[in-house]
Amino acid sequence: MHDKCFTTNRVHRTLCIVPRNAVKDKIKVRGDEMNRVKNLRTEKGLTQQKLSMDIHVSQQYVSKIENGTSFLTEDIILRLSKYFHVSIAYLLGVTDDRFSEMLKDSNDPNLKKWVEFYYKLNQENRDTVSALSEYLIEAQRKSIEEKE
């Protein structure tokens, strides 16, 4: 087994992060884990084409990642993790907690500021912010669907 292997409780299999030059040991991940890539992409309001350009792969490769029919190298996993500001464990379906890693590792002062603002609000105002956020995310998702 490789140095960077771990067993996932949710999917009951061992995943190994391998060097990009170890072609024979690429990771094949299917199902919900790669739906996370699609969910993250649509949450950001991105098309497959835009994501592919940003992480320097083809649009067809992004489609295969989202469908779980592609092998993933360490390099691609790291690019996706950094791009979406989520942990590798979240991306691969090991954990459902994506925000604690994002806050811990983020250099974005606005993100930390927004979290501080949110916790300063009373419950009524938090509910308003949440409702507005949900509305904006849904509008963004619909806009992306129309483009695809």
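Taken together, the values in this text are just the output of simple stated rules run on the coordinates, not laboratory data. Predicted model only: the values in this text are computed from it and were never measured. Quick reminder, even Gly has a Cβ in these numbers, built from the backbone with ideal geometry, and neighbours come from all protein chains shown.
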Which shape class, rounded, prolate or oblate, goes with region 107-148 when its Cα gyration tensor gives a ≥ b ≥ c as root eigenvalues, a/c under 1.5 marks rounded, and past that a/b bigger than b/c marks prolate? oblate
For region 124-129, 3J(HN,Hα) per residue [Karplus equation, 6.51 cos²θ - 1.76 cosθ + 1.60, θ = phi - 60°, Hz, x = Gly/Pro]: 4, 6, 4, 4, 5, 4
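For N110 and E138, compute 0.36 nm times the residue count separating them, minus their Cα-Cα distance, and round to one decimal in nm. Present the calculation step by step, with values, prior to reporting the outcome.
Working: separation 28, 0.36 × 28 = 10.08 nm, distance 2.22 nm.
Stretched out fully, the N110 to E138 stretch lengthens by 7.9 nm.
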From the backbone phi of region 136-142, what are the Karplus-calculated ³J(HN,Hα) couplings (6.51 cos²θ - 1.76 cosθ + 1.60, θ = phi - 60°) in whole Hz, Gly and Pro given as x? 5, 5, 5, 5, 5, 4, 5
So, by mean Cβ neighbours within 10 angstrom, what's the order for 118-126, 89-97 with the highest one leading? 89-97, 118-126
Between L72 and residues 5 or more places away or on another chain, the pairs with built amide H atoms under 5 Å apart involve I27, K28, V29
From phi via Karplus (6.51, -1.76, 1.60), per-residue ³J(HN,Hα) for region 111-120 in Hz, x at Gly/Pro: 4, 5, 5, 5, 5, 4, 4, 4, 6, 7
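Take the cross-link list K64/K147; K38/K142; K113/K142; K50/K142; K82/K112 and give me the ones stretching past 21 Å between alpha-carbons.
On the way: K64/K147 19 Å; K38/K142 14 Å; K113/K142 28 Å; K50/K142 16 Å; K82/K112 17 Å.
Pairs exceeding 21 Å: K113/K142.
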